[in-house]
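Each value in this text was obtained by applying a stated rule to the coordinates, not by laboratory testing. Please read these numbers as outputs of a predicted model, since none were measured by experiment. Here the Cβ positions follow ideal geometry from the backbone for every residue, glycine too, while neighbour counts run over all protein chains shown.
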Amino acid sequence: MLNFNFQNPTHIHFGEGQISALSSEVPIDARVLVVYGGGSIKANGVYQQVVDALSEHTWFEFSGIEPNPSYDTLMKAQAIIQSENIDYILAVGGGSVVDGAKFIAAAALFEGDEPWDILAKQAEFNHALPIGAVLTLPATGSESNGNSVVTRDGNKLPFSSPLVRPLFAVLDPTVTLSLSDRQISNGVVDAFVHTIEQYLTYSVNGKVQDRFSEGLLQTLIEEGPKALTPDTKEDLAVRANIMWSATMALNGLIGAGVPQDWSTHMIGHELTGAFGIDHARTLSIVLPSVMKVRREQKREKLLQYAARVWQVTEGDEEARIDEAIRLTEQFFKDMQVPTRLSDVELGNKDIDTLVSRLEQHGMVALGEQGDITLEVSRKILEQAL
Ligand code: NZQ
Ligand code: ZN
């Protein structure tokens, strides 16, 4: 196992009715900015629950944070932060809103030239406004990690800091009942790929991390399709298991002390930046191809994945790996997401664009060994045609 530091101080309030916890979690003397997206929280009653819980607080609101939040939109929040002396951000929404809140919180106290540098130059910052979160879409893990992804002019860039990790997060599975099938699928697939990217590398004998990851993968494989099936999709136990899996997949626990390979995400971000494809749908296209192209480097873990996650133990090594990859693709198909570039009307001609964007963003040494060069990324994309 590799050396690691691990701390996750986000206080989780899990279960039905927990939005009421806001009344005590948000400091009573705070000047709160409630930030949210395009209005789903008004249609499903979450907004009203927040309003009720904050009835004794001083709060303002900023809406319109879009999926794959844009820098220009987020910068508009700075005016109200200044004019109303905001000192606390409450994000109410999916990963885009929580990520957006993180950027808003860091930009508000940024002392450098331009907050864009936080993304473009990975500029350091020493202060950020405190953040709380009410999560409405289980997927990203953003509610209890320090990561954020922001887009400007098609450049989709991540930043990370413990200063923007939410102090608390409310996870009420009932609020996920209003999600469309597409968003449920996206969430399950995103959490699945987060787990894989911290698991499917090379072995460092991290037994705890491996078995936690295998448990999360199996839970998502079992519960994901149920959330799309008419008889079971409203089952709150299904929703709860998916929601907690998604949080656990990217709260730092399973990634502590093990190598990580975020190549699927980094290549996927270019697909979203250039062509507007939903985040999770980029991952379901890229991941099977990463498994195929990186088969030798990941051989040992692919065999472990085949045996422990899919119970594939028959046949020689090649056959077992083939079967594990096939089952992964089948799972994505069952979750109704694309597994090929051609499924989203992209082809060979688009690969140059993607590779040059990877280069422009410095994504030239990806993977657990840093050996996924632009040439290897090209192979991965070609394999996904
Ligand atoms: O904007 P509203 O009206 O809220 O609608 C949203 C949005 O249209 C809707 N929605 C959310 N909760 C709902 C709901 N609709 C009905 N009922 C509900 N309960 O769903 C749509 C998509 O929301 P979004 O927040 O964009 O989805 P997701 O949570 O998948 O977040 C995706 C973003 O997170 C980033 C992605 O790159 C992408 O920008 N990621 C963040 C990560 C992190 N912070 O650690 C890691 C991830 O890998 C990912 O990169
Ligand atoms: Zn993701």
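A few notes on this one:
- For chymotrypsin sites (Phe, Trp or Tyr not before Pro), no site in region 269-317 is both called loop by DSSP and has at most 13 other Cβ atoms within 10 Å.
- Note on region 207-328: Cα convex hull, mean projected area over all directions, 8.8 nm².
- Here r is the Cβ-Cβ distance between D117 and E323 and R0 is 45 Å; the resulting FRET efficiency, rounded to 0.05, is 0.45.
- Note on E296 and L385: their simple-model spin labels are 2.2 nm apart, each label 7 Å out from Cα toward Cβ.
- Theoretical ellipticity at 222 nm over the chain - DSSP helices of four or more residues, -39500 (n - 2.57) apiece, nearest 500: -14000 deg cm²/dmol
- Distance between modelled label sites at D181 and L167, nm, 7 Å Cα→Cβ extension: 4.2
- In region 113-203, the DSSP beta bridges split such that about 60 percent are antiparallel, to the nearest 5.
- The GluC sites (Glu not before Pro) of region 1-99 that meet both conditions, a loop assignment by DSSP and at most 13 other Cβ atoms within 10 Å of the site Cβ, are E16, E56.
- Highest mobility in the GNM of the chain, judged by mean-square fluctuation with C-alpha springs under 10 Å and restricted to V337, V208, V32, is found for V208.
- Candidates D172, D72, D113, ranked by Gaussian network fluctuation over the chain, Cα under 10 Å, top entry: D113
- Contour excess over end-to-end distance, with Cα ends at S55 and S160 and 0.36 nm allotted per residue: 34.5 nm
- Gaussian network model of the chain, Cα within-10 Å springs - most flexible of Q297, Q209, Q360: Q360
- Neighbour-count ranking [beta-carbon atoms within 10 angstrom, fewest first] of K301, K333: K333, K301
- Nearest-ten-degree value, helix 374-383 long axis tilted from longest Cα axis of the chain: 80
- Relative contact order computed over region 11-174 (Cα-Cα under 8 Å; 6+ residues apart), in percent: 28
- Relative contact order (%) - criterion: Cα under 8 Å, at least six apart; region: the chain: 15
- Ascending count of other beta-carbon atoms within 10 Å, so fewest first, for V290, V258: V258, V290
- Alpha-carbon centroids, region 206-272 and region 328-355: separation in whole Å: 20
- Rounded FRET efficiency, nearest 0.05, which uses the C-beta distance separating S20 from R340 and R0 of 51 Å: 0.65
- Per-pair calculated FRET efficiency, R0 = 22 Å: M75 and E124 via Cβ, rounded to 0.05: 0.70
- Rounded to 5, percent antiparallel among DSSP beta bridges of region 11-174: 20
- Over region 316-385, the Kirkwood radius and the radius of gyration, each from Cα atoms, give a ratio Rg/Rh of 1.04.
- Checking the Cα-Cα distances for K121/K349; K121/K292; K42/K76; K76/K233; K156/K349 against a 27 Å cut-off, the pairs over it are K121/K349; K121/K292; K76/K233.
- Three semi-axes of the equivalent ellipsoid, region 179-383, Cα gyration tensor, whole Å, largest first: 25, 21, 16
- Based on the Stokes-Einstein relation at 4 °C and a viscosity of 1.567 mPa s, and on the Kirkwood radius from alpha carbon pairs, region 11-174 is assigned a translational diffusion coefficient of 84 µm²/s.
- If you bin all the Cα-Cα distances of the chain at 20 Å, starting from zero, the percentages per bin are 29, 59, 12, 0.
- Of the GluC sites (Glu not before Pro) found in region 158-236, not one falls in a DSSP loop while having at most 10 other beta-carbon atoms within 10 Å.
- Length released on extending from E84 to Q330, taking residue separation times 0.36 nm less the Cα-Cα span: 83.4 nm
- Estimated distance in nm for a label pair at F4 and L109, the labels positioned 7 Å out from Cα along Cα-to-Cβ: 2.8
- Taking a point 7 Å from the Cα of E234 along the Cα-to-Cβ direction, the residues of region 158-197 with backbone N closer than 12 Å to it are 177-178.
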